[in-house]
Amino acid sequence: MDQAREEILSYEKSEKPLARGEREALLRNPGWGRVFTDHMVTIRYKEGRGWHDGKIRARTDVRLEPGSMVFHYSQEIFEGLKAYRMPDGGAALFRPDANARRFRNSAERMAMAPLPESMFLASVREIVSVDREWIPSAEGAALYLRPFMIATEVALGTKPSAEYLYCVVASPVGSYFKGGAAAVTLWISENYTRAARGGTGAAKCGGNYAASLAAQAEGAREGCDQVVFLDAVERKWVEELGGMNVFFIFDDGTLQTPPLTGTILPGVTRDSLITLGHDLGLTVREQPYAIDEWQADATSGRLREAFACGTAAVITPIGKVKGKSRAFSIGDAEPGQLTQRLKTALTDIQFGRAPDPHGWRNRLF
Ligand code: COI
């Protein structure tokens with residue numbers, strides 16, 4: 001048994017794992033985030049006692065008192081990372097240390113007990129090891145891990161909870177967008193913003209995503225796939241999409257993305273692409289970009305490509321942008337050449353098809 005599991009997690013094997021035939025049928029077409037593996041991780045925290053009772057166990061309902069603080073004040077954070085099937089049949093995670101660090105930062109922002117990074121890493125490594133048969137082998141598919149933490153103290157006063165439950169569930173996934181790798185259309189949110197300076201925009205807390213849903217629904221009614229948020233002060237600067245970061249590529253080969261000013265989620269994919277952009281010899285800028293500039297540059301042809309990126313979205317080209325009083329297309333709405341090169345560079349490392357010069361792959365077995 002792995003030393004980390006011995007120290008942190010006891011193992012209770014599921015008595016009813018899904019039959020092999022049923023699992024394989026699900027893995028052929030898992031969709032996104034609807035299918036879950038046989039096991040889950042749970043670790044509890046209590047002030048004065050610390051982290052305890054870590055388990056890998058059969059996936060089951062989480063039972064909570066209705067007075068649990070998460071139901072009332074939304075002290076909740078989560079992460080997203082993937083385990084990839086390697087060409088030799090083994091598996092690796094991609095930069096799990098970065099997710100562990102961000103989870104800790106999110107906890108601090110939400111006044112929650114920070115989970116030690118070593119525990120986060122042990123938990124994600126162990127669930128993949130136990131549910132290894134669930135890692136899909138289909139092109140582009142992977143096992144998505146969703147670590148999350150909720151406030152479980154039963155109390156209605158507004159104060160940080162003294163008790164928490166940390167869980168990890170795992171879900172085999174294909175493409176996040178229904179159209180697969182096809183270019184998506186964005187809806188510019190003018191009625192709503194996502195985050196303001198001093199707020200929770202840089203934390204991966206459920207509340208940010210809950211607050212994005214009205215804008216996302218508005219976009220869906222307009223036939224768009226994702227919403228794009230502008231800054232909360234001037235309503236001018238492009239910040240991020242509902243659940244992913246955004247990049248722009250110009251005719252001189254420059255790669256640009258909005259800077260991390262505290263209102264944008266510091267994406268692990270975003271950070272990796274900045275490094276890969278440099279590796280490919282591109283000029284990379286973390287610089288604000290106004291929605292008016294985006295429209296003007298797309299129309300003049302100065303802007304050649306744009307894409308969304310994240311663990312879920314990987315790299316998805318943006319073909320069209322629509323708002324209440326504007327609409328424009330980027331390039332010929334086909335995935336651009338540099339977008340494709342960056343995607344290949346990233347996914348070749350993730351899936352073990354290329355060397356790993358930055359040490360991002362975390363081999364599991
Ligand atoms: C991810 O990319 O892992 C995310 O958490 C985005 C999610 C909201 C779908």
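The values are calculated or read from the model by the stated rules, or taken from the named source; none is laboratory data. Note that the structure is a prediction, hence the values are computed from the model and not measured. Cβ placement follows ideal geometry from the backbone for every residue including glycine, while neighbour counts extend to all protein chains displayed. The area values use the complete protein model at the heavy-atom level, side chains included, leaving out ligands, DNA and RNA. Shrake-Rupley method; radii C 1.70, N 1.55, O 1.52, S 1.80 Å.
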Legend entry - Unmet requirement for Leu346, which otherwise passes all of (1) closer than 15 Å to Val246 by Cβ; (2) part of a helix (DSSP H, G or I); (3) within 16 Å of the ligand (Cβ to nearest atom): (1)
Inset, instruction - Kindly provide the set of residues from segment 319-365 that are under 24 Å from the mean Cα position of the chain (by Cα) and aromatic (Phe, Trp, Tyr), ordered by number. - result: Phe351, Trp360, Phe365
Inset, instruction - Search segment 281-295 for residues that are over 14 Å from Ile249 (Cβ atoms) and pair each with any residue that is among the basic types (Lys, Arg) and surrounded by fewer than 16 Cβ atoms within 10 Å (Cβ to Cβ) when their beta-carbon atoms are under 7 Å apart and the residues are at least 6 apart or on different chains. - result: Ala290/Lys236; Ile291/Lys236; Gln295/Arg326
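Can you tell which of Leu338, Leu273, Leu346 is assigned by TED's automatic domain parsing to the domain that holds Thr254 and over 30 Å from Glu126 (Cα atoms)?
Values: Leu273 fails: over 30 Å from Glu126 (Cα atoms); Leu346 fails: over 30 Å from Glu126 (Cα atoms).
Only one candidate passes the filter, namely Leu338.
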Legend entry - Within segment 279-292, considering residues that are under 21 Å from Leu241 (Cα atoms) and outside any helix (DSSP H, G or I), the one farthest from the ligand (Cβ to nearest atom): Ala290
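Results for (1) within 16 Å of the ligand (Cβ to nearest atom); (2) hydroxyl-bearing (Ser, Thr, Tyr); (3) in a loop (DSSP other than H, G, I, E, B); (4) open to solvent by 10 Å² or more (accessible area, probe 1.4 Å), shown as yes or no for each residue.
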{"position": "Glu65", "(1), (2), (3), (4)": "no, no, yes, yes"}
{"position": "Phe71", "(1), (2), (3), (4)": "no, no, no, yes"}
{"position": "Ala92", "(1), (2), (3), (4)": "no, no, no, no"}
{"position": "Asn99", "(1), (2), (3), (4)": "yes, no, no, no"}
{"position": "Arg102", "(1), (2), (3), (4)": "yes, no, no, yes"}
{"position": "Ser106", "(1), (2), (3), (4)": "yes, yes, no, no"}
{"position": "Pro114", "(1), (2), (3), (4)": "no, no, yes, yes"}
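Do any strands (runs of 3 or more DSSP E) entirely within segment 216-278 hold 3 or more residues that are under 19 Å from the mean Cα position of the chain (by Cα) and touching a residue at least 40 places away in the same chain (Cβ under 8 Å), and if so, which?
Working: elements: 226-230, 238-241, 245-250, 254-257.
Per the criteria, 226-230, 238-241, 245-250.
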Legend entry - segment 29-58 residues that are open to solvent by 70 Å² or more (accessible area, probe 1.4 Å), paired with ones that are within 16 Å of the ligand (Cβ to nearest atom) (beta carbon under 8 Å, 6 or more apart): Asn29/Gly174; Arg34/Ser171; Phe36/Val169; Phe36/Ala170; Phe36/Ser171
Inset, instruction - Could you figure out which of (1) open to solvent by 50 Å² or more (accessible area, probe 1.4 Å); (2) outside the structural domain of Glu334 (by TED's automatic domain parsing); (3) aliphatic (A, V, I, L, M) isn't true of Ala211? - result: (2)
